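Here is the structure we will look at.
The values are calculated or read from the model by the stated rules, or taken from the named source; none is laboratory data. Since the model is a prediction, treat every value here as computed from it, not as a measurement. We place every Cβ from the backbone using ideal geometry, glycine too, and count neighbours over all the protein chains shown.
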Amino acid sequence: MPTDEELMLLFREGSREAFEELFSRHHRAVVRFAWRMTGDPFAAEEAAQEIFLRIARAAPAYRPTAKFTTWMYTVARRATLNYLRDTKEGGEKVPILSEGEAEDGVYPVQLPGPDDRNPEQVVWEAQLAQRFRTALGELPEGHRAAFVLNRGDGLSYEEVAQVLGVTVQAVKTRIFRAREMLLSRLSKDVSA
Amino acid sequence: MGCRDIFETISACVDGEASPEEAARVREHLASCERCRVLERQMHAVGAGVRQVRGSVPDRFREAVFARLDAEGALPKRKKVFPTAWRWMAVPLAAAAALGFFLLTSRDAVRGPDSPGPATSRIETSAPPDPSPQGNAVALSTEDREMLALLDILEDPADLDANDDAEGMELLAPGDSADSPNRPRGGRSGA
């Protein structure tokens, strides 16, 4: 089975099937990343479409100097960052959801597939996902991206550093800060 | 060295990114500090919690993406099975094939093996896409669930620093850089 890098090179040479295979392999991860970064299902879909468009357009200049996924997440992060900047109302950080929207459940939480678990556990996990989604949205974008890429998408600190264009130490600090802020935010939810 | 000085290293350990020396230092500290053991579990928990924020692939997402890419000319055209020069042969070829099939079936001839399907793509494809609209939803492990439940009983993170000589947890205001030497210090601020 061809590697991602080989597929990208084939696509660069004109193979549509190669791009279709890349899409099949990675579209869920791209949508998941866009969702975690934007917190909005409609924005996530729009951003994910934009990400694949950018990947396709970048093919003529693609060089396999790094893992394809590292490059893909670099494209994805820039796309979501540009989306957030385009929609911000002021300040460096873009509020994702207001408290009211989060509590009203305007954006449905995606529940896990049916299984034989306790329904109460399923509801609890859904509520947990909602709270985390809200708390994630309040992190500064750079911290959110570092934490999501490492904890959510499994990139190493080194890979995250490449995606974000910062040092490994900066990634380490951002991820720790993100944890601090999430713990603080989630504990406020409990005591409120 | 106060607990505060090792928080960031504990975080890196949780992610498997600490050096052997750092990991040894963390293990030694955790062996004698219950508060930091709790913090370490909470750090694990927030990672597990973020993984629960998954979203789902929208219906007809693939169609929408490829329609847009085709509209913007970002993809090569799909190759035609029959080049234009060969199309004029389609009707007589189809008629000949139908006649041959008729003759074979009318004589009750032994059928050969099934005719080969469409030419296989030279690109080996991965497994079929997950039909679940939820994507690759994974249930929380027992350990993750217990750690996340730990967050629910957390009354005030400031308690973690109650006996620490160093300043309390630092929170960055929006726009502050994590690496800024002039980042604000002090108590917890409203998030």
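Checking each residue in region B:39-49 for being within 8 Å of another protein chain (Cβ to nearest Cβ) and modelled with pLDDT under 90 picks out only B:Gly49.
Within this structure, A:Thr70 passes the test of being more than 25 Å from A:Arg133 (Cβ to Cβ) and assigned to a helix (DSSP H, G or I). Out of curiosity, is A:Thr80 in contact with a Ser or Thr (Cβ under 7 Å, 6 or more places away or on another chain) and modelled with pLDDT of 85 or more? Here the answer is yes, as A:Thr80 does meet what is asked. Considering (1) within 11 Å of chain B (Cβ to nearest Cβ); (2) under 20 Å from B:Ala74 (Cα atoms); (3) of a type outside the set (Val, Ile, Thr); (4) part of a helix (DSSP H, G or I), the lone condition that A:Ala43 does not fulfil carries the number (2). Evaluation of B:Ala18 against the conditions (1) assigned to a helix (DSSP H, G or I); (2) farther than 30 Å from A:Gln49 by Cα shows that the sole unmet condition is (1). Within region B:8-18, the presence of at least one residue that is out of contact with any strand residue (DSSP E or B) (no Cβ under 9 Å at 6 or more places or on another chain), β-branched (Val, Ile, Thr), farther than 30 Å from A:Arg28 by Cβ and facing chain A (nearest Cβ under 10 Å) is confirmed. Let me confirm something: among A:Arg16, A:Arg54, A:Arg36, which residue is under 19 Å from the mean Cα position of the chain (by Cα), of a type in the set (Lys, Arg) and facing chain B (nearest Cβ under 7 Å)? The unique qualifying residue is A:Arg36.
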